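First comes the structure, then the notes that go with it.
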Amino acid sequence: MIGKKSQAEIVGLVIIVLLITVGLLFFVRFVVLKPNSDAKRDYVDSELASNMINVLLKTTTDCKKSTMSDLFRDCAGFNRIDCDDDGNRGDSREKIEEVIEEIFNNTLEKWEKPYHFKAYIVRKYNTGENTIVERSYGKCSGNVDRISRTYVIPTDMESLMLTLDICS
Amino acid sequence: MKICKKLHAQHYIKMKNKKAQIKMFETIAVLLIFFVLVGFGLIFYMKFMRTSIEDTGEHQFDLKAIQTAQLVSFLPELQCTSPTSANIVIDDCFDVLKVKALANISKEPAYERINNEYYFDSFGYSKIYIENIYPYSPENWIVYERTLPNKKFQSSTKVPVSLYYPVTNSYSFGVLTVEVYG
């Protein structure tokens, strides 16, 4: 009789331990390991990445009323634009750097948003790449969560790629 | 002999009573521990539920902020249209003349009814303004403003937009800011 009673008590203890373990497992699964979904951040970063390049390329500069897209094309092509009419052509790269600095300084950097922007020419037959402009702010390298957008601009000679990574 | 038997019986009853009392205390102790555990569980569950409800509320507020930002981005009162056809809309672009007109409407007391009834339905308690970033200009346009006195949440969404100047046929780099209060 005593043996049976102690057996029943052990079974009761085992049930309690099992219940507590199952409860803890549920807690860990649904509370601790809960996926951190931030709809707003995803939307804002995605809009930022795509709109930044879109709007940037459309922007008219004070260099012969050319758009940024024209300047990029010229820079990747024959370098014919002479912004200050001094007879020296090839001012497009300088203008691009100037405009990008002003825009990124007053937007992403002011909002303390880490990013990495790069504009580069992809040589034909995979013979390497030539960077036109590269700019970054904050921690945006390695295994950081990021939203990336790439735009391709066809030019006279090669293709120009623009990439913008917005990091969290 | 009879007295001895009686004493023995009394002792037996006393022992049985003590045993029953011990059992009762044991049951009460078990029940007490059980209810304490249930109480802890309930407190923990309530705390978890409260956090969960607050998270859901914040998530809903974020969704509302996104919805407002989207609504403004595609507002026909601001969007640029192609010079050849008014039906062709240019993405991520605001016509500066339209922006100025809407900013004036939001300031005019004569249009208060429109602001209160029409735009309040769409934008609720929020502030929507547009800044010119490049070429730099100190001119900012507040196209809608309605603040909430006792706001619990505030969410600010910034979206880059092109600002089209029809007179000079040029595009500026602008930023649309949507601040939503809740």
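Just so you know, all these numbers are worked out from the coordinates, no wet-lab data involved. For clarity, every value in this text was computed on a predicted model and none was experimentally measured. Backbone-built Cβ (ideal geometry, glycine too); neighbour counts: all protein chains shown.
When you restrict to C-alpha pairs under 8 Å that are six or more residues apart and normalise by the size of the range B:124-182, the relative contact order lands at 45 percent. Every Cα-Cα pair of the protein assembly as shown was included, and the share exceeding 34 Å stands at 50 percent.
Structure remark: mean-square fluctuation, Gaussian network model of chain B, C-alpha springs under 10 Å; the largest value among B:133, B:114, B:28 belongs to B:28. Per-residue shielding of B:65-75, expressed as the average number of other chain Cβ atoms within 10 Å of the residue Cβ, stands at 2.
Let me know the mean shielding of A:57-69 by other chains, meaning the per-residue number of their Cβ atoms within 10 Å of its Cβ.
4
Shown here for the range A:7-115: chymotrypsin sites (Phe, Trp or Tyr not before Pro) in loop regions (DSSP other than H, G, I, E, B) with at most 14 other Cβ atoms within 10 Å, namely A:78, A:111. Which residue fluctuates the most in chain B, going by a Gaussian network model with Cα springs under 10 Å, if the choices are B:85, B:162, B:137? Checking each option, the largest mean-square fluctuation is seen for B:85.
Can you tell me the relative contact order of chain B? Whole percent, Cα pairs under 8 Å, sequence separation 6 or more. Over chain B, the number comes to 19 percent.
Please compute the contact order of chain A in relative form: average sequence separation of alpha-carbon pairs under 8 Å and at least six residues apart, divided by the residue count, as a percent.
Relative contact order, chain A: 20 percent.
Comparing A:152, A:17, A:44 in a Gaussian network model of chain A where C-alpha atoms under 10 Å apart are linked, the largest mean-square fluctuation is found at A:17. Inter-chain Cβ neighbour count for B:56-62, averaged per residue, equals 2 (cutoff 10 Å, partner chain atoms only). The chymotrypsin sites (Phe, Trp or Tyr not before Pro) of the range B:1-81 that meet both conditions, a loop assignment by DSSP and at most 14 other Cβ atoms within 10 Å of the site Cβ, are B:74.
Against the main long axis of the alpha-carbon atoms of chain A, helix A:39-58 sits at an angle near 10°. Relative to the longest principal axis of the Cα atoms of chain B, the long axis of helix B:96-107 lies at roughly 60 degrees.
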